[in-house]
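Encoded as structure tokens, the structure appears first; notes follow it.
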Amino acid sequence: MAHPQFERSVVYHCAPALVGLKPACLISLSAAEYPDLPRLAGGYSRLLEHRGIRLEVLCRCRRRFLLLVYRPVLLERCLSSPRVAGLLEKAGYPAGASPAALLRRLSGRIAAGGGFPHELGLFLGYPPEDVVGFMTHGGSGCRLCGEWKVYQDVEGARRQFRKFALCRSALCARLERGCSLLSLLGAEQRPAA
């Protein structure tokens with residue numbers, strides 16, 4: 001099942017979600033390079049599910065796939081916080097909906113076009129105040145730009161960005177030394193008994 005190029009992309013772009021520092025990460029992949037991405041992602045998702053990780057294609061545009069790599073437990077915790085739930089409801093998401101229903105709604109909004117739904121940052125674990133700041137200021141006037149545009153807690157964001165960079169570097173180095181994505185996460189395919 002190993003697909004080294006796919007694994008390198010997922011580890012580089014999604015390391016913080018893979019190790020549980022974030023509820024989710026989003027990666028854009030070329031449909032030309034990965035024409036069978038839904039099947040590929042589904043296979044990895046089945047093997048990683050017992051490690052608390054899922055891979056889900058949110059959207060396929062003409063030339064790209066948007067793949068969400070996430071930890072369902074962390075995502076549910078994030079989306080159910082009162083501040084985030086309130087912001088999602090204000091953005092037109094159904095109150096009290098399950099994370100799966102919220103992801104379907106997000107997927108539909110992305111597929112519909114007409115501008116990228118900025119509330120996506122809430123699904124990715126960005127601080128709600130920074131998502132609101134981005135929406136209010138159209139992305140300008142931030143106090144720090146890194147994994148996201150920071151409008152409030154600059155020092156807290158810097159600490160998070162450093163953690164993300166360290167975990168990305170560590171996982172990528174292990175992958176380059178010959179580990180597979182599955183072995184990195186303790187999810188090697190085990191032979192049937």
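Brief remarks on what is shown
- The calculated 222 nm mean residue ellipticity attributable to helices in the chain amounts to -15500 deg cm²/dmol, summing -39500 (n - 2.57) over DSSP H runs of n ≥ 4 and dividing by all residues.
- Trypsin sites (Lys or Arg not before Pro) restricted to segment 104-193 and DSSP loop, no more than 12 other C-beta within 10 Å: ARG177
- The charge dipole of the chain, taken about the Cα centre with unit charges on the Cβ atoms of Lys, Arg (+1) and Asp, Glu (-1), comes to about 140 debye, rounded to the nearest 20.
- Modelled spin labels at TYR12 and CYS61, positioned 7 Å past Cα toward Cβ, are 1.9 nm from each other.
- Projecting the Cα atoms of TYR93, GLY186, LEU106 onto the dipole axis of the chain, where Lys and Arg carry +1 and Asp and Glu carry -1 at the beta carbon, places GLY186 farthest toward the positive end.
- One chain, two ends: ASP36 and ARG83. Fully extended at 0.36 nm per residue, the span grows by 13.2 nm beyond their Cα-Cα distance.
- In this rough spin-label picture, where each label sits 7 Å from Cα along the Cβ direction, the ALA91-VAL73 distance is 2.5 nm.
- Projected label points at SER28 and SER140, each 7 Å from Cα along the beta carbon direction, are separated by 2.2 nanometres.
- Options (1) 29; (2) 48; (3) 34 - which one matches percent of Cα pairs over 26 Å apart as calculated here: (3)
- Carbon plus sulfur fraction of accessible area for the chain, probe 1.4 Å, in percent: 52 percent
- On the beta carbon distance between ARG46 and ALA2, with R0 = 25 Å, the FRET formula returns roughly 0.95.
- Summing Cβ point charges (Lys, Arg +1; Asp, Glu -1) relative to the Cα centre of segment 101-193 gives a dipole of roughly 220 debye.
- Absence of a disulfide-compatible partner, taken as no other cysteine beta carbon within less than 4.7 angstrom, is noted in the chain for CYS59, CYS61, CYS78, CYS142, CYS145, CYS167, CYS172, CYS179.
The values are calculated or read from the model by the stated rules, or taken from the named source; none is laboratory data. Fair warning: this is a prediction, and the values are worked out from it, not measured in the lab. All Cβ positions, even for glycine, are placed from backbone atoms using ideal geometry, and neighbour counts span all protein chains on display. We work out accessible area using only protein heavy atoms, side chains counted, and drop any ligands, DNA or RNA first. Shrake-Rupley method; radii C 1.70, N 1.55, O 1.52, S 1.80 Å.
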